[in-house]
Amino acid sequence: MTSVTETGRRRVAPALGTFERYLTLWVALCIIAGIVLGRLLPAPFQALGRMTVAEVNIPVAVLIWLMIVPMLLKVDFGALHRVAEQWRGIAVTVGINWLVKPFSMALLGWLFIGWLFRPWLPAGQIDSYIAGLIILAAAPCTAMVFVWSNLTDGDPNFTLSQVALNDTIMVFAFAPIVALLLGLSSITVPWTTLFLSVVLYIVVPVIAAQLWRRSLLAQGGEPTLARTLRTLQPISLIALLATLVLLFGFQGEQIVRQPLIIALLAVPIVIQVYLNAGIAYGLNRALGVPHNVACPSALIGASNFFELAVAAAIARASARQVSAAVNRPAGTSAIVHRKPSATASSVSAPLSRASCTQRPLRECTACSSESSRAARVPGPSQRSPWSAPRSSAPSTPMARRSSGTADG
């Protein structure tokens, strides 16, 4: 006969296995492995990196499917109506994502990037870095939340419902919030990336998982479903670690080339993740929300939709280049300045704009590079309200070495 003590011991057994308990260590090792492999074997990573559609990398998407399917297999559509009972958790998640997260990142970006770390960053890229952080924070995560929720034994129905709600709000709120914080009249929303990501990361896997779930339940009921989930659990974690190797392999060159810039930009992101997750979990706990709802609620508020953020940043950079060309002062829009001498020394030497002859601007290497450098620095009317005042002092040696290599 089983004693009450033995039953209690079984109930308090840790939910995480040995491998999951040390996931932080495996993540760190995979990050290092990705950077090293990206440097040693750049060709394979470049080939995989080029497999993209609307800024969505297909190999990464496949790995994400493997990660999120175990959680989606747990979703019971017959019980989705009960998610409304967790309205407190829903309210906390929506509030953190849309009323706290973008604005807290704008403040942290201005504080750290625009002020505290300014002497160590390229002067011409400061505003772009802050804009990138704001765009990242304004895009809530879609797919990876299923992974984090699965690791914390979160409620699968709540997680799916909350992700779907966030994506719906994102269609209407992303552009106005980013435009407000960047001081712009409008911002280009990468609709193709948004639509494709929702289809790839939610619609297709949800349909596939539900068809598989019905098949498993028809074959052997809940025991068969439970065995399948136990089999898929290590596959999901391996896919997570492989994704990290790929992502850091893609960016290994940039990380090694400018480690200080990467480290400085990571500071406000890390602070914001812990801040938002802590606020969300604390509010849920204060409101009496159960742990399996509070955890995914907090993690949704701490995660980011990086594909959408990258696509929006690219669209913003393209729009600024077009704006710089359209708003170029009269008399310089179709002029290049090139010294008419044919000697090698005069062609290769840096030329001033005043010493050049008039030719189409795009044909002059010296002047086009000069114009592109000027276009990267917005004028007073284009700058974000979060931009710090510019110093008239010359840039530091680190800034001079890093300018032109940093991603905006």
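Brief remarks on what is shown
- Of all residues in the stretch 249-266, those satisfying the criterion of being under 15 Å from the mean Cα position of the chain (by Cα) and hydrophobic (A, V, I, L, M, F, W, C) are PHE250, ILE262, LEU265, ALA266.
- Some residue of the stretch 170-180 being part of a loop (DSSP other than H, G, I, E, B), at pLDDT below 90 and closer than 24 Å to SER104 by Cβ: no
- Matching residues in the stretch 52-85 - criterion: being within 29 Å of ARG230 (Cβ to Cβ), touching a Pro at 6+ places or on another chain (Cβ under 8 Å) and not aliphatic (A, V, I, L, M): TRP65, LYS74, ASP76
- Candidates are the residues of the stretch 181-198 that are under 30 Å from ILE58 (Cβ atoms) and of a type outside the set (A, V, I, L, M); the one that is modelled with the lowest pLDDT is THR188.
- Residues considered: LEU241, LEU229, LEU246. Of these, the only one that is assigned to a helix (DSSP H, G or I), buried (at least 16 other Cβ atoms within 10 Å of the Cβ) and under 16 Å from the mean Cα position of the chain (by Cα) is LEU246.
Table: residues versus (1) modelled with pLDDT under 95; (2) surrounded by 13 or more Cβ atoms within 10 Å (Cβ to Cβ); (3) over 19 Å from GLU253 (Cα atoms).
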position: ARG11; (1), (2), (3): yes, no, yes
position: PRO14; (1), (2), (3): yes, no, yes
position: ARG21; (1), (2), (3): yes, no, yes
position: TRP26; (1), (2), (3): yes, yes, yes
position: ALA33; (1), (2), (3): no, yes, no
position: LEU48; (1), (2), (3): yes, yes, no
position: VAL53; (1), (2), (3): yes, no, yes
position: ASN57; (1), (2), (3): yes, yes, no
position: ALA61; (1), (2), (3): yes, yes, yes
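- Pairs, first without any contact (Cβ under 8 Å) to a residue 12 or more places away in the chain and over 20 Å from LEU133 (Cα atoms) in the stretch 154-179, second β-branched (Val, Ile, Thr) and assigned to a helix (DSSP H, G or I), C-beta under 9 Å, six or more apart: none
- Counted residues, the stretch 48-88 - those being touching a residue at least 12 places away in the same chain (Cβ under 8 Å) and within 15 Å of PHE146 (Cα to Cα): 15
- Near pairs, Cβ below 8 angstrom, 6+ apart or cross-chain, from the stretch 101-119 (farther than 16 Å from ALA139 by Cβ) to any residue that is of a type in the set (Phe, Trp, Tyr) and not in a helix (DSSP H, G or I): LEU107/TRP386; TRP110/TRP386; GLY114/TRP386
- If you go through the stretch 80-132 and keep only what is among the polar types (S, T, N, Q) and more than 16 Å from ALA277 (Cβ to Cβ), you end up with GLN86, GLN125, SER128.
- Number of residues in the stretch 76-106 that are within 26 Å of the chain's Cα centre (by Cα) and surrounded by 15 or more Cβ atoms within 10 Å (Cβ to Cβ) equals 17.
- The conditions of being over 24 Å from ALA106 (Cα atoms) and either at pLDDT 95 or above or not in a helix (DSSP H, G or I) (or both) are not met by GLY220.
- Some residue of the stretch 186-201 being free of Cβ contacts under 8 Å to residues at least 60 places away in the same chain, out of contact with any Gly (no Cβ under 9 Å at 6 or more places or on another chain), under 21 Å from ALA302 (Cα atoms) and part of a helix (DSSP H, G or I): yes
- Evaluation of LEU200 against (1) aliphatic (A, V, I, L, M); (2) over 17 Å from the mean Cα position of the chain (by Cα); (3) under 30 Å from GLN46 (Cβ atoms) (one fails), failing number: (2)
- GLY221 fulfils the conditions (1) exposed (fewer than 13 other Cβ atoms within 10 Å of the Cβ); (2) in contact (Cβ under 8 Å) with a residue 40 or more places away in the chain except for a single criterion, (2).
- Residue in the stretch 37-45 that is aromatic (Phe, Trp, Tyr) and not in a helix (DSSP H, G or I) present: no
The values are calculated or read from the model by the stated rules, or taken from the named source; none is laboratory data. This is a predicted model, so every value here is computed, not measured. Every residue, glycine as well, gets a Cβ built from its backbone with ideal geometry; the counts of neighbours run over all protein chains shown.
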